[in-house]
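Here is the structure we will look at.
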Amino acid sequence: MLCTAGIYFDGASSKPQEIELQLDEQNAGLRFGTFSNQQIQWPVQEITFQYIGSSLEIRNKHHSLALIKVEDPLFATQFIAYLHSKGHLTWYQRILRLGFKAYLFLAFLILAVIVAGYLVIIPWVGEKSVLLIPEHYDISMGQTFYRQYLNTNSIDTAKTQAMNQFASHLQLRNTIKLHFTVIKSSTVNAFSLPDGNIVVFTGLLDLMKDYDELAGLIGHEVSHVNNRHSMKMLCRNLSGYLFISAVLSDVNGIMAIIGDNVHNLQSLSYSRQFERQADEQGTRLMILNGINPKGMTDLFSRLKSSEKVSLPAFISSHPITSDRIESINRLIKNTPHAYTQHQKLKELFLEVKN
Amino acid sequence: MENELPDVKNYKLSFHGQGKAYFGIIIVNWLLTIITLGIYYPWAKAKNLQFLYGSTALEGDRFAFHGTGREMFVGFIKTILLFGIIYGLLVLFFYLEMPILGILIFYFTFLAVLPIAIHGSYRYRFSRTSWRGIRFGYRGDRTELFTSFFQWIFFTIITLGIYGAWMEMKLRSYLLSNVRAGNVEFKYKGVGSEYFLLNLKGYLLSLITLGVYSFWWYKDLLAYYVNHLSLHKDNEQIRMKSVATAGGIFKMVMGNLLIVIFTLGLGYAWAITRTMKFMTDNIKLEGNMDLTNIEQTEDDYNDATGDDMTGLLDINFII
């Protein structure tokens, strides 16, 4: 029979009562006598306990305030082992018996599952949720931005007109109406909005030497629009953010912050993917229109040599420019193509550049 | 100051939870919360509180948290419904193209919910706390807190926030002075003006010293909270005193930061156990109270809604 000294609090006052506690295996219960000579028996199925540090506290489910305190590690271990052997440990108490190594293993396992889930689920959700969002949402989003943007920038009307005419001579496989705007600015940049608005700065046009380079730029930007890259980016960023805050903020703030930063790095790689896709499809559009696809690489080389301190956003630093040029060259080599000189495009290009 | 008490003795507060053990609790909670898509959250919270209370001891005897996941789950569901209704109203008013009215109602309901949530949280949390088999309790009156709260908020708004210091002290005094453990009553005696000056000084000096002073500020705040709290039973009492130093706080905070960052967040359990240990080591209790004859006085109470509301509103439980 297992026996130890304990302290009993009866749940009516805070008076400690020194007791002799016995584990009565025959009657499957704990037995002890109180100060008032009362014999108390707690059957094992009514017992709950908490064992933290060196202190074992035993309570009775039907009388939760009364408690027995035991500071005897040997008794504690044997008592818990006894409950375990009789199947009186809850599943939670059994999990907590697994030990530190098991928790550590569990922690890394959860982290691994989260990372895998993140890498697989987020791009998938990003891709699929775009299909659920109606295109008019892209359009109104783009228009809001476009209007705000034009408030603070001046349009070059003549060049804008020529640019739109230039594009109208090209087959661009677009599903929504495209509109080009040329902005007077020395910035070497161009960007597309989800509503089909494509904004080009004169600084970038000034660098171009031939019409095929302009066709390359248009092909690249139009591919962003055709693939709804802006909306995909938004969906990926948002779903990634939700995923991270849902899974990590339960644990603690720091983990969520670390997660957020990893996510930001990850979204850079998404935009890299999108840039590559736009390069490829842009080049294919040039080939489709019988324009020399070398225009694309010429444009990139020029941008590369013009890079001073910062990289233009259009080329968006990510896939290193020479890397991208190489991929485009490979694509051109592997795709049979023929091109001719387009007199009309050449004229319009000169107008755009003038 | 009050007269020197006869037969003054010290009472020891201590924390026995180990980082390793707490890590297990946290990881298991995390796993189950993810697997159940968040439904396990109230159970996780109960396990967490049970561990932290059960690791804290006064005079060698542990505190206990008796709340269960089931109770908190009910509170959790009620809270979610309530917030659903509040947000639903907001959306409805936007739909009816009355956004300003919608936003006003939205903020007003939030403000109204706040004191009710705090009240409920105190009621629940303390009724589920015990030490040496003696149940704690909170005997504040909901209507009284509600009306006072709106007065305080009103003064805080018209004084552009300055009254906030007074509000905080009044709130703390009201809440803590209504807490009891059996027939032991808590009393908090913070004064708004002192608290305001302490914060003003802390803020200005922290600004001038580029944040270095913030550790002294924090030390003063902790002392202000702790030193004004006392326990009373008949004519016996226990006074509390914080002996935390700015250096000690610096070591604790920086240590925790490094632990958490270098373990990518997994070391959180150790940060918490270190903090708890720091707190219990630095709060001294002295007085002439006999802690072996406290009587049971409080009833059982099991509505956890307030506790979950404060959780969702992210209000820290004061004590």
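The values are calculated or read from the model by the stated rules, or taken from the named source; none is laboratory data. The structure presented is a predicted model; accordingly, all values stated were derived computationally and were not measured. Heads up, the Cβs are rebuilt from the backbone with ideal geometry, glycines too, and the neighbour counts pull from every protein chain shown. These accessible areas exclude ligands, DNA and RNA; they are computed on the full protein's heavy atoms, side chains included. Shrake-Rupley method; radii C 1.70, N 1.55, O 1.52, S 1.80 Å.
Quick one: in the range A:205-251, of everything that is at pLDDT below 80 and surrounded by 20 or more Cβ atoms within 10 Å (Cβ to Cβ), which residue is nearest to A:G142 (Cα to Cα)?
Among residues in the range A:205-251 that are at pLDDT below 80 and surrounded by 20 or more Cβ atoms within 10 Å (Cβ to Cβ), the one nearest to A:G142 (Cα to Cα) is A:I244.
With the structure loaded, tell me whether B:S148 is more than 30 Å from B:F15 (Cβ to Cβ), small (G, A, S) and modelled with pLDDT of 90 or more or whether it fails that test.
Details: more than 30 Å from B:F15 (Cβ to Cβ): yes; small (G, A, S): yes; modelled with pLDDT of 90 or more: yes.
For B:S148, the condition - more than 30 Å from B:F15 (Cβ to Cβ), small (G, A, S) and modelled with pLDDT of 90 or more - is met.
Looking at B:I103, B:I77, B:I134, B:I118, which is the one that is more than 19 Å from the chain's Cα centre (by Cα), surrounded by 15 or more Cβ atoms within 10 Å (Cβ to Cβ) and of a type in the set (V, I, T)?
Details: B:I103 fails: surrounded by 15 or more Cβ atoms within 10 Å (Cβ to Cβ); B:I77 fails: surrounded by 15 or more Cβ atoms within 10 Å (Cβ to Cβ); B:I118 fails: more than 19 Å from the chain's Cα centre (by Cα).
Among B:I103, B:I77, B:I134, B:I118, only B:I134 is more than 19 Å from the chain's Cα centre (by Cα), surrounded by 15 or more Cβ atoms within 10 Å (Cβ to Cβ) and of a type in the set (V, I, T).
Which condition from (1) of a type outside the set (S, T, Y); (2) within 14 Å of chain B (Cβ to nearest Cβ); (3) surrounded by fewer than 18 Cβ atoms within 10 Å (Cβ to Cβ); (4) in contact (Cβ under 8 Å) with a residue 12 or more places away in the chain is the one that A:G6 breaks?
If we test A:G6 against (1) of a type outside the set (S, T, Y); (2) within 14 Å of chain B (Cβ to nearest Cβ); (3) surrounded by fewer than 18 Cβ atoms within 10 Å (Cβ to Cβ); (4) in contact (Cβ under 8 Å) with a residue 12 or more places away in the chain, just (3) comes out false.
Just to check your reading of the model, which residue among B:R139, B:R172 is within 26 Å of B:G69 (Cα to Cα) and either surrounded by 15 or more Cβ atoms within 10 Å (Cβ to Cβ) or under 20 Å from the mean Cα position of the chain (by Cα) (or both)? Steps first, please.
Values: B:R172 fails: within 26 Å of B:G69 (Cα to Cα).
Just one listed residue meets the conditions, B:R139.
Please tell me if B:R142 is more than 26 Å from B:Y163 (Cβ to Cβ) and of a type in the set (D, E, K, R). Reasoning before the result, please.
On the way: more than 26 Å from B:Y163 (Cβ to Cβ): no; of a type in the set (D, E, K, R): yes.
For B:R142, the condition - more than 26 Å from B:Y163 (Cβ to Cβ) and of a type in the set (D, E, K, R) - is not met.
How many residues are without any contact (Cβ under 8 Å) to a residue 40 or more places away in the chain and open to solvent by 70 Å² or more (accessible area, probe 1.4 Å) if we restrict to the range A:46-70?
Result for the range A:46-70: 3.
With (1) more than 14 Å from every other protein chain (Cβ to nearest Cβ); (2) without any contact (Cβ under 8 Å) to a residue 40 or more places away in the chain as the list, and A:A215 as the residue in question, which single condition is left unmet?
Of everything listed in (1) more than 14 Å from every other protein chain (Cβ to nearest Cβ); (2) without any contact (Cβ under 8 Å) to a residue 40 or more places away in the chain, A:A215 misses just condition (2).
So the check is Cβ under 7 Å with 6+ separation or different chains; which pairs have a first residue in the range B:11-33 that's more than 7 Å from every other protein chain (Cβ to nearest Cβ) and a second one that's open to solvent by 20 Å² or more (accessible area, probe 1.4 Å) and among the basic types (K, R)?
Hits for this filter: B:F15/B:K277; B:I25/B:K47; B:N29/B:K47.
Based on this model, can you work out whether A:T90 counts as closer than 26 Å to B:L58 by Cβ and of a type in the set (S, T, Y)? Steps first, please.
Numbers: closer than 26 Å to B:L58 by Cβ: no; of a type in the set (S, T, Y): yes.
No: the conditions fail for A:T90.
Before we move on, is B:V74 more than 30 Å from B:E236 (Cα to Cα) and within 10 Å of chain A (Cβ to nearest Cβ)?
Numbers: more than 30 Å from B:E236 (Cα to Cα): yes; within 10 Å of chain A (Cβ to nearest Cβ): no.
Criteria not met by B:V74.
Provide a single number: the residues in the range A:10-33 that are touching a residue at least 40 places away in the same chain (Cβ under 8 Å) and among the acidic types (D, E).
Qualifying residue count for the region: 2.
Any residue at all in the range A:117-130 that's within 30 Å of B:G267 (Cα to Cα), open to solvent by less than 50 Å² (accessible area, probe 1.4 Å) and among the hydrophobic types (A, V, I, L, M, F, W, C)?
yes
Touching a residue at least 40 places away in the same chain (Cβ under 8 Å) and within 23 Å of the chain's Cα centre (by Cα), is that true of A:P123?
Working: touching a residue at least 40 places away in the same chain (Cβ under 8 Å): yes; within 23 Å of the chain's Cα centre (by Cα): yes.
Here the answer is yes, as A:P123 does meet what is asked.
Would you be able to tell me the number of residues in the range B:34-55 that are among the basic types (K, R) and more than 8 Å from chain A (Cβ to nearest Cβ)?
Taking the range B:34-55 and keeping what is among the basic types (K, R), we get B:45, B:47.
The next check asks that each one be more than 8 Å from chain A (Cβ to nearest Cβ); those that pass are B:45.
So the answer is 1.
From A:L83, A:L170, A:L111, which residue is assigned to a loop (DSSP other than H, G, I, E, B) and open to solvent by less than 50 Å² (accessible area, probe 1.4 Å)?
Numbers: A:L83 fails: assigned to a loop (DSSP other than H, G, I, E, B); A:L111 fails: assigned to a loop (DSSP other than H, G, I, E, B).
Unique residue meeting the criteria: A:L170.
A quick yes/no check of all residues on (1) under 22 Å from A:L248 (Cβ atoms); (2) β-branched (V, I, T); (3) within 14 Å of chain B (Cβ to nearest Cβ):
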position: A:V70; (1), (2), (3): no, yes, yes
position: A:A76; (1), (2), (3): no, no, yes
position: A:F79; (1), (2), (3): no, no, no
position: A:H84; (1), (2), (3): no, no, no
position: A:L111; (1), (2), (3): yes, no, yes
position: A:V125; (1), (2), (3): yes, yes, no
position: A:K128; (1), (2), (3): no, no, no
position: A:Y137; (1), (2), (3): no, no, no
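Out of B:R125, B:R180, report the one residue that is within 30 Å of A:I68 (Cα to Cα) and assigned to a strand (DSSP E or B).
Numbers: B:R125 fails: assigned to a strand (DSSP E or B).
Selected residue: B:R180, the only one of B:R125, B:R180 that is within 30 Å of A:I68 (Cα to Cα) and assigned to a strand (DSSP E or B).
Go through the range A:86-98 and give me each residue that's more than 8 Å from chain B (Cβ to nearest Cβ) and surrounded by 12 or more Cβ atoms within 10 Å (Cβ to Cβ). Spell out the reasoning first.
Of the residues in the range A:86-98, the ones more than 8 Å from chain B (Cβ to nearest Cβ) are A:86-91, A:93-94, A:97.
Matches in the range A:86-98: A:K86, A:H88, A:L89, A:Q93, A:R97.
Against the definition (among the hydrophobic types (A, V, I, L, M, F, W, C) and touching a Phe, Trp or Tyr at 6+ places or on another chain (Cβ under 9 Å)), how does A:V222 come out, yes or no? Outline the logic, then answer.
Working: among the hydrophobic types (A, V, I, L, M, F, W, C): yes; touching a Phe, Trp or Tyr at 6+ places or on another chain (Cβ under 9 Å): no.
Spelling it out, it is not the case that A:V222 is among the hydrophobic types (A, V, I, L, M, F, W, C) and touching a Phe, Trp or Tyr at 6+ places or on another chain (Cβ under 9 Å).
Could you list, in sequence order, the residues of the range A:11-50 that are within 14 Å of chain B (Cβ to nearest Cβ), closer than 19 Å to B:Q296 by Cβ and polar (S, T, N, Q)?
A:S13, A:S14, A:Q17, A:T34
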